[in-house]
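Working notes, beginning with the structure itself.
Readers should treat all values here as calculations from the given coordinates under stated rules, not as data from a laboratory. Quantities reported herein were computed from a predicted structural model and do not represent experimental measurements. All Cβ positions, even for glycine, are placed from backbone atoms using ideal geometry, and neighbour counts span all protein chains on display.
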Amino acid sequence: MKAIHISIYGQVQGVGYRAWIKEEAEKLKVFGWVRNASDGSVELFLQGDESSVNQLLALTWEGPNQAEVDDVLTQESEADNLINAFEAH
């Protein structure tokens, strides 16, 4: 299982990014969470099989139509066995 923490920068708050990423994560059967950060970025924690996590990571650069992604920073993380769904906060 692969786990990764991601920060997405750009015009990503107020454009439906969290709902969009939740929908994409559920399609790929990736678990974790997404939330707005106080600095205007969107923060994600993803875990699942490596292929699915990598697919979703690639999608983070696209975002929904109104989003403008400037940068995506990633950090490897430890899987959390208590997370068994994807939640948008």
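E24 - would you say it is over 18 Å from L82 (Cα atoms) and in contact with a strand residue (DSSP E or B) (Cβ under 6 Å, 6 or more places away or on another chain)? The answer is no for E24. Remark: G40 falls outside the filter, which requires a residue to be surrounded by 18 or more Cβ atoms within 10 Å (Cβ to Cβ), on the phi > 0 side of the Ramachandran plot and touching a strand residue (DSSP E or B) at 6+ places or on another chain (Cβ under 8 Å).
Scanning segment 43-69 for residues that are more than 12 Å from the chain's Cα centre (by Cα), farther than 19 Å from A19 by Cβ and either among the hydrophobic types (A, V, I, L, M, F, W, C) or exposed (fewer than 12 other Cβ atoms within 10 Å of the Cβ) (or both) turns up E50, S51. From the list E23, E78, the lone residue that is among the acidic types (D, E) and part of a helix (DSSP H, G or I) is E23.
Taking segment 21-64, which residues are of a type in the set (F, W, Y) and touching a His at 6+ places or on another chain (Cβ under 9 Å)?
Result: W33, F45.
Within segment 7-66, the residues that satisfy the criterion of being touching a helix residue (DSSP H, G or I) at 6+ places or on another chain (Cβ under 8 Å) and among the polar types (S, T, N, Q) are N36, Q47, S52, Q55, T60.
Checked against (1) out of contact with any Ser or Thr (no Cβ under 9 Å at 6 or more places or on another chain); (2) loosely packed, with under 12 Cβ neighbours inside 10 Å, R35 meets all criteria but (2).
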